[in-house]
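I have placed the structure first, in the form of structure tokens, so that the comments after it can refer back to it.
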Amino acid sequence: MDRKPLIGVCGCMLVLGSFVLPISSALSSEETSRFVTPGDILYVGGVGPNNYTKIQDAINNASDGDTVFVYDDSSPYFENIIIDKSVSLIGENRNTTLLWGNNQTEDTILLQAENVMITQITVRAENLTHVIHVEEDNARLLSNTFINGLGIGFLNFGENSIIENNLFFNCPLMILGAANIIIRGNMMENRDGCIGILFATSCTVENNIITGGGLSIVELFGESFKIIHNTIRWNDSSYVPSHTGLNLVNCYNSIVQDNQLTNCGILLKNRPGGEITNNYVNGKPFVYLHNTKNTVIDDAGQVHAVDCRDITIRNLTISNVTQGITLYNVRNSLIKDNTISECSECIYGTFFYCAFENNTFDSCEMGMMCRGKQNDIRQNRFINCSIFGILTSATEEIQNNTFTLCYTGVCLARGLCASNRIENCSIGIRCSGWSAIRVTSNSIRFCGTGIVAGDSGSISRQTSELSTDKILSMPRLFRREISYNNIINTSVDASFMNAIFTHWIGNYWGEPYEKPKIIHGYLKYDPYWGPRIEWINVDWRPAKEPYDIN
């Protein structure tokens, strides 16, 4: 026997002993036997007289329970292979046993049999194909390196599989519609997303080191997950600066515990339930509150509160997360003296009778995105908000705030917007929707458009479900008052869309007016079809000098 095959036998037994037995210790003896079944060893590469030159040829001649051992002598192997038998595919050395997919329309490895193990191989795919596409259950991917392509796909298959101790480079892992998959001890470095587990149950993600970006680094949709002891870092070269490290979408009855996130945070949708404890965001606690009252939070890297009341959130410095403070059905609470920056939304949620005071929101997409009613937002600072300083469909009182370098300072659907200072924004204030709004005593300077009144949709959409008596009382129900504001040094003072019941009263328009101020806009009955009718509103008594607005 040649020396190289002898080394291969020893190496093969060592690999089986090193990687199969530790994992199988957590499995039943019946499950273990599937991967340690005595069988023939077929060799690829090397110098043995009967060795195969192609991996696929060895697999074609193997039987269930056999092992295909691949030497690194002939590496890289330029093949796209199909594994349709319950075999173990073992490389001599992960760093030097290379399998390069050379077909741009086929996956590098297509796994079509149960109880397959792949270990100690580096696998690379073309950009639009999978590194490994799994179409059966009970796969074991152990101590490999995976590079490029569409990644590894478990699409409606792969139950009871283990993915452990692998290296992933620009190679995501996607699991769709499977159960009981363990992802453990891997290291991933991707430009964008790393792990997606959707419509799945009872999967475990633990002890992984994950660096990525995109919309989410790790995204989960399902129930009964275990997300434990992972380190998740944001990759600054990502195309999408969402800073969502762990995105839990409708993940019910799951355990999220002892995870460390850097330059990214945790995004929870709806009421996840389960156990969410001892996670850290940027070195500070991720605070998750459910059905809590009379609590003060003054140390957190991110806050998520659900069904809470009478809580105080104060003196926090939060950055580089998707949502700094998330409040769902939170009532009678105080959020004050916080600094939140580099987020998609600094504050997000649905809240009632809450006060937001003396906070700073800087370099975000939206400072506040809120629903609810009767909230008091005052003396806050909104700086460099690329979409909105405040976007609200709630009945709010927005007073004495400053907005600087935002695309739109305030976009409100109802309530009061008063005594705010708005400077260097593309749009100062936008009144959206058809509910009662009062915009008064604001200072708007150096903006593209000072005030935009009305809805960008259509009159028909707003009135189609109203009864006749409500239509007759529309001037009272949908009254907008825009009064006593300073609108100075703007490219366009004001405009409107379908704002047929807007009252412009006594605004200062950058210079003394001796006659009524004409505001140009349009009406449109249908948002998609039909003509747009040019129209005017009038401020009948504009101010002759600016107001003293502090």
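Is it true that S216 is touching a strand residue (DSSP E or B) at 6+ places or on another chain (Cβ under 7 Å), hydroxyl-bearing (S, T, Y) and crowded, with 20+ Cβ neighbours inside 10 Å? Step through it out loud before you land on a result.
Values: touching a strand residue (DSSP E or B) at 6+ places or on another chain (Cβ under 7 Å): yes; hydroxyl-bearing (S, T, Y): yes; crowded, with 20+ Cβ neighbours inside 10 Å: yes.
Yes: the conditions hold for S216.
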I'd like to check which helices (runs of 4 or more DSSP H) are fully inside region 429-497 and have at least 1 residues that are over 22 Å from F382 (Cβ atoms), modelled with pLDDT under 95 and among the small types (G, A, S).
459-463
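Could you pull out the residue among P531, P516, P527 that is out of contact with any Leu (no Cβ under 7 Å at 6 or more places or on another chain), farther than 24 Å from I398 by Cβ and either at pLDDT 85 or above or not assigned by TED's automatic domain parsing to the domain that holds E423 (or both)?
Values: P531 fails: either at pLDDT 85 or above or not assigned by TED's automatic domain parsing to the domain that holds E423 (or both); P527 fails: either at pLDDT 85 or above or not assigned by TED's automatic domain parsing to the domain that holds E423 (or both).
Selected residue: P516, the only one of P531, P516, P527 that is out of contact with any Leu (no Cβ under 7 Å at 6 or more places or on another chain), farther than 24 Å from I398 by Cβ and either at pLDDT 85 or above or not assigned by TED's automatic domain parsing to the domain that holds E423 (or both).
Would it be correct to say that N138 is in a loop (DSSP other than H, G, I, E, B), touching a Lys or Arg at 6+ places or on another chain (Cβ under 6 Å), assigned by TED's automatic domain parsing to the domain that holds K54 and not small (G, A, S)? I'd like the intermediate steps shown before the answer.
On the way: in a loop (DSSP other than H, G, I, E, B): yes; touching a Lys or Arg at 6+ places or on another chain (Cβ under 6 Å): no; assigned by TED's automatic domain parsing to the domain that holds K54: yes; not small (G, A, S): yes.
When the stated conditions are applied, N138 does not pass them.
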Test L111 against the stated conditions and say whether it is modelled with pLDDT of 95 or more and under 26 Å from N208 (Cα atoms).
yes
Looking at region 536-549, is at least one residue modelled with pLDDT under 90, in the same structural domain as C431 (by TED's automatic domain parsing) and within 23 Å of R445 (Cβ to Cβ)?
yes
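Looking at G153, G193, which is the one that is outside the structural domain of D64 (by TED's automatic domain parsing) and either in contact with a His (Cβ under 8 Å, 6 or more places away or on another chain) or part of a loop (DSSP other than H, G, I, E, B) (or both)? Step through it out loud before you land on a result.
Working: G153 fails: outside the structural domain of D64 (by TED's automatic domain parsing).
Step by step, each of G153, G193 is checked, and only G193 is outside the structural domain of D64 (by TED's automatic domain parsing) and either in contact with a His (Cβ under 8 Å, 6 or more places away or on another chain) or part of a loop (DSSP other than H, G, I, E, B) (or both).
Does L289 meet the test of being of a type outside the set (S, T, N, Q), in a strand (DSSP E or B) and touching a residue at least 24 places away in the same chain (Cβ under 8 Å)? Even if it seems obvious, please write down each step before you answer.
On the way: of a type outside the set (S, T, N, Q): yes; in a strand (DSSP E or B): yes; touching a residue at least 24 places away in the same chain (Cβ under 8 Å): no.
Taking the combined requirement at face value, the residue does not satisfy it.
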Can you run down the residue pairs with Cβ atoms below 6 Å, 6 or more apart or on separate chains, where the first is in region 385-405 and of a type in the set (D, E, K, R) and the partner is crowded, with 18+ Cβ neighbours inside 10 Å?
E396/N375; E396/I377; E396/G415; E397/L416
Considering each residue of region 336-353, count those that are part of a strand (DSSP E or B) and of a type in the set (D, E, K, R), and give that number.
2
Among the candidates Y484, Y547, Y522, which residue alone is farther than 23 Å from G415 by Cβ and aromatic (F, W, Y)?
Y522
Picking from Y252, Y239, the residue that is at pLDDT below 90 and surrounded by fewer than 15 Cβ atoms within 10 Å (Cβ to Cβ) would be Y239
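Which of the strands (runs of 3 or more DSSP E) found entirely inside region 73-120 contain at least 2 residues meeting this: surrounded by 18 or more Cβ atoms within 10 Å (Cβ to Cβ) and touching a residue at least 40 places away in the same chain (Cβ under 8 Å)?
On the way: elements: 81-83, 88-91, 98-100, 109-111, 117-119.
Counting at least 2 such residues, we get 88-91, 117-119.
The values are calculated or read from the model by the stated rules, or taken from the named source; none is laboratory data. None of the values given here were measured: they were computed from a predicted structure. All Cβ positions, glycine included, derive from the backbone under ideal geometry; neighbour counts span all protein chains shown.
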